[in-house]
Amino acid sequence: VQLQASGGGLVQAGGSLRLSCASSGITFSDYVMGWFRQAPGKEREFVAAVGWSGSPTYAASLKGRFAVSRDNAKNAVYLQMNSLKFEDTAVYYCAARLLTTSKYNFWGRGTQVTVSS
């Protein structure tokens, strides 16, 4: 199983980035795809998730600025991040969990997002 996140980088506050996560080795339709992030010195936190049908869930603090989507034909999930803030600086990870569980089974390596103030 591979989850490969990409699209991170350095962006000024107020800017946007779109992260992508390509998956392989899983039956994509069986999994909820999630995004998490971990800032320096902080615990990993949930960002957003999306199921097969496309119904998204978000961390309350991020709803309205971030949008998660998936392309089931490409086995990929995306995270559109707008109006980025300095505190959004973190390593962003994509992860996958079975529809029938609450625990994420598989994790990608992460992509660094740095927002300059």
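The values are calculated or read from the model by the stated rules, or taken from the named source; none is laboratory data. Model, not experiment: these values are computed from the prediction. Counting neighbours? That spans all protein chains shown, and the Cβs are built from the backbone with ideal geometry, glycine included. Side chains included, ligands, DNA and RNA excluded: accessible areas come from the protein's heavy atoms. Shrake-Rupley method; radii C 1.70, N 1.55, O 1.52, S 1.80 Å.
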Note to self: Please verify whether ALA67 is open to solvent by less than 60 Å² (accessible area, probe 1.4 Å), within 14 Å of the chain's Cα centre (by Cα) and within 13 Å of SER20 (Cα to Cα), treating the condition exactly as stated.
What the structure shows: yes
Margin query: Being under 22 Å from LEU99 (Cβ atoms), at pLDDT below 95 and open to solvent by 70 Å² or more (accessible area, probe 1.4 Å) is true for just one of SER61, SER29, SER53. Which residue is that?
Written below: SER53
Notebook entry, point to check: Any idea how many residues of segment 85-117 are within 14 Å of LEU17 (Cα to Cα), in a strand (DSSP E or B) and open to solvent by 10 Å² or more (accessible area, probe 1.4 Å)?
Noted result: 5
Next item on the list: Taking the options GLY34, GLY7, GLY14, name whichever one is more than 12 Å from the chain's Cα centre (by Cα) and either open to solvent by 30 Å² or more (accessible area, probe 1.4 Å) or closer than 19 Å to THR111 by Cβ (or both).
Entry: GLY14
